[in-house]
Amino acid sequence: MASNDRVRVRGVTIHRPVIYGNTAWALTQEERDELPHPDHTHRWTVAVRSAASVPDSDTVGGADDLGYFIKRVAFKLHDTYPNPNRNVDKPPFEVSETGWGEFEVTIRIYFVQESGEKAITFYHHLKLHPWTAVGSGEPEIPTLENALKSGPVHSWQYDEIVFNDPFQSFLNILTAHPPTMLPKVKRRPVPFHTANPGSLEASKGGTPEFQQEMEKEEAERIEKALKQIVEDTHKWRNKLIEKENESNKLKKELEAAIQP
Amino acid sequence: MAASAADVRSILSIPNPPPAGPSTQAKKPQAAERAKKPEGIPRELYALIGPTAPTLVTQFAKPRLKQKPNLGGTSTPEDADYPFAKYNVPATPYVYSQDEYTRLLEDSKWTKEETDYLFNLVRDYDGRFFVVHDRYEFPGRPERSLEELKDRYFSVCRKLVRNRPWAGDEASKLALISSLTYDKGKRASSLSYEVSPVNVPVAIDKEILRKQYVASLENRTPEQIAEEDALYFELEKLKENERRFKKDRDELLRTLCGIESGLPDISIEDDGLASAALDTKKKKKTVAGSVEPQTPITPSASNVIALPQPPPKKSAAKSAAYDALHCIVRTEVEQTAGSSTKAAHIPVHLRSYKLAQPKTAIAPRVFQLLGELSISHSRLVMPTRDNLAKFASLVDAAQQLVEIKKAVDKHEQDIKTSKARLATLRGENPEGVEGGDGDALGTPVPMDVDDGAEAEGEVDGRAQSVMSTRSTRSRKQGRRSMSISSVDTAGGPNPKRQKQR
């Protein structure tokens, strides 16, 4: 068994659904006064979690403990923070801070040694202010009362960590921890995503949750667009052929006109 | 009966027929005629008219055919809906642009002009390839066989379907492609040719083989046919003998050795002589009656092969669920050089890293197009494997659309340029143009003779159209462009000079 452990299992691709992003809460005036930095307006948590949520919890995702394949998650905050490189070596992989501005968080995931894989890096734009519909005229930064009223702001991106041809030992580890499936039925609002502006309404009303329906919904959106494009292509192709013929005819005429 | 005719005569006070001798002679055939009295005419009436009034008879017979053939074609309403029109399903016409042709459809044996010609014919004759082949007459080409025409047509269609964006799912695309490919063996019978001429494609070799075979069948001499029949008959007789022999042997074995010996033999018979359906049915009946009732059907020979198969099947279904649970996707590994695959190991990544990207040259226009359809080009809400694949086909389709639009723009520009040049040429010397037109009708001008010179001409033409056309300088320029672009400047006199003369 041990000799087989360091053998890559060819033809196998295994992935783990994760989400990364942040939740932000606006601070009340009293809370602000207690902070060492009175200018900070928000408290936020940036995290890497499993995609499925624990039922009846107010955290987004995090049903599974990702510690079995993630060794460390490094969050690089804005340089103005003291000690901006925050390494989290055990779950939950998250950093909580207070602040007043949005910035890009660099997230780096290190995998357990058995994986034999290098770390992966990606970015998350820290979102403090509520989502607004494009062109709705609402101010990007609402007043304190409004911010408090609208509740915490969620900004999460679903993604899948894909391992190709994993080592047998690593594959064993992974298969020992099957991920929790996303819920089939809609229990809670969907997380808002800029790629789907239509989901703004559906994202309101409590802590959102990733669900299987979202994938289907997106597939349908893409298919609809594809159908539209194919239709247009057909139209334009006919137009092109028409033009081509006309152009060729004209060229022939021209040529004939030049050579009497 | 004969008297009745006489009675009628007397009633109607018609004078009696002249001398009896000829009348009896005439009556005989009359009686024969009467025996064949057509149906639908009362006996009395027929007796009255008799065969002497054939015009009336034909008039009575006529209504059997209600509708007269309308040979003049004057009275049928032309605009009435033909009741069978709904069965006339038009085939999808396939057209292709120049760009598609150069990218996908190039073939050393075919020119674009000939392919165009073929497609026009196929469209004109509604995909009836026999007609197409009959009318096919492309100048400067030796005759092509029917198979060649079909092969070209269907291969082009296949390539178009395969490479164009497809709105439906993969399965329907594959179904269409396979309908445009040759269905091995059965479907390419001559019958289905007649029924759906467009949708029965050809594998050129197989088709030729099939036709050769048919021809050879047709060309057999009567002796050969007789011989074959005799041989077939002989074979059947041998088979029948074999069966009978086996049956006898079985019976014998069973009576001698009991149940155990009989079973394997039965199964072998089931295997080997499946063609004798009736016979085996009988056999089974006897088996069911006399020997063991439960296991006569499963052949022991195939059991050996069949046994190991079910377990993998079961585990395949199980492992699909297992894979789904653990998010595993298995792909076929080609067993080639191990070292090379090791080098090509794809490191761990986020799924969204593999989001499809359009070619950088046209990326902005693709992004704009996707934006119009409210699809983000950089992010997906759920970048799963399926959605990524869907997105990739979307980007691919968008890319094609953008390229087609670009080509349309280019051609519009070309048309504008050509028109402008033509206008200036015509404006300067209408006589020359007329002569040129006559020329064009007489001999088609080869288009692809000198692309380079043409391109130069175009550039000049465009420059010319930009400049004011009335100025003398532009005229000079026009003349120069003419001398550059015309294929043989030495051949014809310059139209400009002609005018000056």
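Is it the case, given these coordinates, that residue B:358 is assigned to a loop (DSSP other than H, G, I, E, B), crowded, with 20+ Cβ neighbours inside 10 Å and touching a residue at least 12 places away in the same chain (Cβ under 8 Å)?
On the way: assigned to a loop (DSSP other than H, G, I, E, B): yes; crowded, with 20+ Cβ neighbours inside 10 Å: no; touching a residue at least 12 places away in the same chain (Cβ under 8 Å): yes.
Answer is no for this residue.
Which condition breaks for residue A:149 when tested against (1) more than 24 Å from residue A:67 (Cα to Cα); (2) buried (at least 16 other Cβ atoms within 10 Å of the Cβ)?
(2)
Looking at (1) within 14 Å of chain A (Cβ to nearest Cβ); (2) crowded, with 17+ Cβ neighbours inside 10 Å, which is the one condition that is false for residue B:120?
Every listed condition holds for residue B:120 apart from (2).
May I ask you to verify whether residue A:198 is in a loop (DSSP other than H, G, I, E, B), more than 30 Å from residue A:7 (Cα to Cα) and of a type in the set (Gly, Ala, Ser)? Step through it out loud before you land on a result.
On the way: in a loop (DSSP other than H, G, I, E, B): no; more than 30 Å from residue A:7 (Cα to Cα): yes; of a type in the set (Gly, Ala, Ser): yes.
No: the conditions fail for residue A:198.
Filter region A:195-214 down to the residues that are within 12 Å of chain B (Cβ to nearest Cβ) and without any contact (Cβ under 8 Å) to a residue 24 or more places away in the chain, then identify the one that is surrounded by the most Cβ atoms within 10 Å (Cβ to Cβ).
Here the residue is A:199.
When you look at residue A:190, is it in a loop (DSSP other than H, G, I, E, B) and within 20 Å of residue B:375 (Cα to Cα), yes or no? Break it down stepwise before answering.
Values: in a loop (DSSP other than H, G, I, E, B): yes; within 20 Å of residue B:375 (Cα to Cα): yes.
Spelling it out, residue A:190 is indeed in a loop (DSSP other than H, G, I, E, B) and within 20 Å of residue B:375 (Cα to Cα).
Can you name every residue in region A:79-97 that is within 27 Å of residue A:68 (Cβ to Cβ) and part of a loop (DSSP other than H, G, I, E, B)?
Residues satisfying the conditions are A:89, A:90, A:91, A:92.
Tell me, which residue of region A:204-260 that is under 28 Å from residue A:59 (Cα atoms) and not in a helix (DSSP H, G or I) is nearest to the chain's Cα centre (by Cα)?
Per the criteria, the residue is A:210.
Only one of A:244, A:253 is buried (at least 19 other Cβ atoms within 10 Å of the Cβ), in contact with a His (Cβ under 8 Å, 6 or more places away or on another chain) and acidic (Asp, Glu); which?
Values: A:253 fails: in contact with a His (Cβ under 8 Å, 6 or more places away or on another chain).
One residue alone meets the criteria, A:244.
I'd like the full set of residues that are within 12 Å of chain B (Cβ to nearest Cβ) and surrounded by 16 or more Cβ atoms within 10 Å (Cβ to Cβ), limited to region A:181-193.
Step one: filter region A:181-193 for residues within 12 Å of chain B (Cβ to nearest Cβ), giving A:181-182, A:190-193.
Scanning region A:181-193 gives A:182, A:190, A:191, A:192, A:193.
Quick grid of which residues meet (1) modelled with pLDDT under 80; (2) under 30 Å from the mean Cα position of the chain (by Cα); (3) in a loop (DSSP other than H, G, I, E, B):
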residue: B:69; (1), (2), (3): yes, no, yes
residue: B:75; (1), (2), (3): yes, no, yes
residue: B:92; (1), (2), (3): yes, yes, yes
residue: B:103; (1), (2), (3): no, yes, no
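Pairs needed: first member in region A:72-94, touching a residue at least 12 places away in the same chain (Cβ under 8 Å); second member anywhere, surrounded by 13 or more Cβ atoms within 10 Å (Cβ to Cβ) and part of a loop (DSSP other than H, G, I, E, B); C-beta distance under 7 Å; at least 6 residues apart or different chains.
Partner pairs satisfying both residue conditions: A:76/A:84; A:77/A:84; A:78/A:84; A:78/A:103; A:86/A:77; A:91/A:65.
The rows are residues; the columns are (1) surrounded by 15 or more Cβ atoms within 10 Å (Cβ to Cβ); (2) assigned by TED's automatic domain parsing to the domain that holds residue B:152; (3) over 27 Å from residue B:407 (Cβ atoms); (4) in contact with a Phe, Trp or Tyr (Cβ under 7 Å, 6 or more places away or on another chain).
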{"site": "B:91", "(1), (2), (3), (4)": "no, no, no, no"}
{"site": "B:103", "(1), (2), (3), (4)": "no, yes, no, no"}
{"site": "B:115", "(1), (2), (3), (4)": "yes, yes, no, no"}
{"site": "B:133", "(1), (2), (3), (4)": "yes, yes, yes, no"}
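Of all helices (runs of 4 or more DSSP H) completely enclosed by region B:370-478, which ones contain at least 2 residues that are at pLDDT 85 or above and either facing chain A (nearest Cβ under 7 Å) or farther than 30 Å from residue B:103 by Cα (or both)? Don't jump to the end; show me each part of the working.
Numbers: elements: B:385-428, B:430-442, B:451-466.
In region B:370-478, B:385-428 are the helices (runs of 4 or more DSSP H) which contain 2 or more residues that are at pLDDT 85 or above and either facing chain A (nearest Cβ under 7 Å) or farther than 30 Å from residue B:103 by Cα (or both).
Go through (1) within 18 Å of residue A:126 (Cα to Cα); (2) of a type outside the set (A, V, I, L, M); (3) surrounded by 12 or more Cβ atoms within 10 Å (Cβ to Cβ) and name the single condition residue A:72 misses.
Result: residue A:72 fails condition (1) only.
Take the residues of region A:84-103 that are at pLDDT below 90 and farther than 15 Å from residue A:125 by Cα: which is surrounded by the fewest Cβ atoms within 10 Å (Cβ to Cβ)?
That would be A:90.
Anything in region B:211-236 that is surrounded by 10 or more Cβ atoms within 10 Å (Cβ to Cβ), under 35 Å from the mean Cα position of the chain (by Cα) and among the hydroxyl-bearing types (Ser, Thr, Tyr)? List them, or say none.
Result: B:213, single match.
The values are calculated or read from the model by the stated rules, or taken from the named source; none is laboratory data. Just so it is clear, the structure is predicted and the values come from calculations on it, not from any experiment. Backbone-built Cβ (ideal geometry, glycine too); neighbour counts: all protein chains shown.
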